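Undergrad: What follows is a structure written as structure tokens; I'll ask about it next.
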Amino acid sequence: AQSVTQLDSHVSVSEGTPVLLRCNYSSSYSPSLFWYVQHPNKGLQLLLKYTSAATLVKGINGFEAEFKKSETSFHLTKPSAHMSDAAEYFCVVSDRNYGGSQGNLIFGKGTKLSVKP
Amino acid sequence: DAGITQSPRHKVTETGTPVTLRCHQTENHRYMYWYRQDPGHGLRLIHYSYGVKDTDKGEVSDGYSVSRSKTEDFLLTLESATSSQTSVYFCAISTRVGNIQYFGAGTRLSVL
């Protein structure tokens, strides 16, 4: 069964320092993996998506994530945090079942990113 | 918010009353979803639809029903609201299962 674990519920960084948000997944076949961002009182917005084309995926606003099958990880990084990056981030997995059909999205519990000036 | 409108945006109701939330899309996407978001739980799927009159249950469907009579509208009904249904509800759409989903702005529901 597919699942996703976000290893930190809250991460705090200073503006201009790197961001690392950690995500591990469980998948029985070939997962699709996503990162979404939610700013306060807003809906969710797609940051990036992995679908096996390339292990390093670049997203919007300078974020990127690397798919590591051996570690079942899909960590989100950004070289330099900006105040506007303060938000909640969700790691999401979608797996194929044995019939070959893609399953629904499964969301992690979220990591809240705070950025200090 | 990708042509998705949720209404109402905020609602306060009393325990035992019926409540209907509406999701309207202008993208003509086949799949529509209702999620609830609660602190510490992320988003959990309530129900989803894969076409007009075609719906299925998600992870937390108890106490909820849905209907989809037109491609563009997906309704979520709480037949008899309970305090445990106080939450933020999000509608999402996609072209395929497991593909990118686009989200509405959410409805904040308080059941007193």
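Undergrad: What's the number of the only condition in (1) surrounded by fewer than 12 Cβ atoms within 10 Å (Cβ to Cβ); (2) touching a residue at least 40 places away in the same chain (Cβ under 8 Å); (3) within 11 Å of another protein chain (Cβ to nearest Cβ) that A:Val4 fails to meet?
TA: (1)
Undergrad: Within the range B:50-72, how many residues turn out to be part of a loop (DSSP other than H, G, I, E, B) and in contact (Cβ under 8 Å) with a residue 24 or more places away in the chain?
TA: Within the range B:50-72, residues that are part of a loop (DSSP other than H, G, I, E, B) and in contact (Cβ under 8 Å) with a residue 24 or more places away in the chain number 4.
Undergrad: Restricting attention to the range A:19-51, report how many residues are more than 9 Å from chain B (Cβ to nearest Cβ) and in a strand (DSSP E or B).
TA: Result for the range A:19-51: 13.
Undergrad: While we're on this one: Every residue in the range B:73-89 that is over 17 Å from A:Gln45 (Cβ atoms) and either within 14 Å of chain A (Cβ to nearest Cβ) or in a strand (DSSP E or B) (or both), please.
TA: Hits for the range B:73-89 are B:Asp73, B:Phe74, B:Leu75, B:Leu76, B:Thr77, B:Leu78, B:Ser87, B:Tyr89.
Undergrad: Out of A:Ser9, A:Ser27, A:Ser114, I need the residue that is under 26 Å from B:His47 (Cβ atoms) and not basic (Lys, Arg). Which one?
TA: A:Ser27
Undergrad: Now, a different point. Can you spot a residue in the range A:95-116 that is touching a residue at least 12 places away in the same chain (Cβ under 8 Å), more than 30 Å from B:Thr55 (Cβ to Cβ) and within 12 Å of chain B (Cβ to nearest Cβ)?
TA: Checked against the condition, which is being touching a residue at least 12 places away in the same chain (Cβ under 8 Å), more than 30 Å from B:Thr55 (Cβ to Cβ) and within 12 Å of chain B (Cβ to nearest Cβ), the range A:95-116 yields at least one hit.
Undergrad: Among the residues of the range A:66-82 satisfying the criterion of being outside any loop (DSSP other than H, G, I, E, B) and touching a residue at least 40 places away in the same chain (Cβ under 8 Å), which is surrounded by the fewest Cβ atoms within 10 Å (Cβ to Cβ)?
TA: Step by step, filter the range A:66-82, then rank; the result is A:Thr77.
Undergrad: Out of (1) surrounded by fewer than 20 Cβ atoms within 10 Å (Cβ to Cβ); (2) touching a Leu at 6+ places or on another chain (Cβ under 9 Å); (3) β-branched (Val, Ile, Thr), what's the single condition that is false for A:Thr55?
TA: Going through (1) surrounded by fewer than 20 Cβ atoms within 10 Å (Cβ to Cβ); (2) touching a Leu at 6+ places or on another chain (Cβ under 9 Å); (3) β-branched (Val, Ile, Thr) one by one, A:Thr55 breaks only (2).
Undergrad: Answer with yes or no whether B:Ser49 is over 21 Å from A:Trp35 (Cα atoms), buried (at least 16 other Cβ atoms within 10 Å of the Cβ) and at pLDDT below 95.
TA: yes
Undergrad: Filter the range B:90-112 for residues that are over 16 Å from B:Thr5 (Cβ atoms), more than 7 Å from chain A (Cβ to nearest Cβ) and surrounded by 19 or more Cβ atoms within 10 Å (Cβ to Cβ) and give the result.
TA: Those that are over 16 Å from B:Thr5 (Cβ atoms), more than 7 Å from chain A (Cβ to nearest Cβ) and surrounded by 19 or more Cβ atoms within 10 Å (Cβ to Cβ): B:Ser94, B:Leu109, B:Val111.
Undergrad: Right, here's the next one. Looking at B:Tyr31, B:Tyr64, which one is closer than 30 Å to A:Lys112 by Cβ, within 13 Å of the chain's Cα centre (by Cα) and within 14 Å of another protein chain (Cβ to nearest Cβ)?
TA: The unique qualifying residue is B:Tyr31.
Undergrad: In the range B:4-46, how many are in contact with an Asp or Glu (Cβ under 9 Å, 6 or more places away or on another chain), surrounded by fewer than 20 Cβ atoms within 10 Å (Cβ to Cβ) and without any contact (Cβ under 8 Å) to a residue 60 or more places away in the chain?
TA: 5
Undergrad: Okay, next question. Does any residue of the range A:4-18 turn out to be of a type in the set (D, E, K, R) and either in a strand (DSSP E or B) or at pLDDT below 95 (or both)?
TA: Checking the range A:4-18: not a single residue is of a type in the set (D, E, K, R) and either in a strand (DSSP E or B) or at pLDDT below 95 (or both).
Undergrad: Got at least one residue in the range B:3-17 being within 11 Å of chain A (Cβ to nearest Cβ) and of a type in the set (Lys, Arg)?
TA: Looking for residues that are within 11 Å of chain A (Cβ to nearest Cβ) and of a type in the set (Lys, Arg), one finds at least one in the range B:3-17, hence yes.
The values are calculated or read from the model by the stated rules, or taken from the named source; none is laboratory data. Remember, predicted model here, so these are calculated numbers, not experimental data. As a convention, Cβ positions derive from the backbone with ideal geometry for all residues, glycine included, and neighbour counts pool all protein chains shown.
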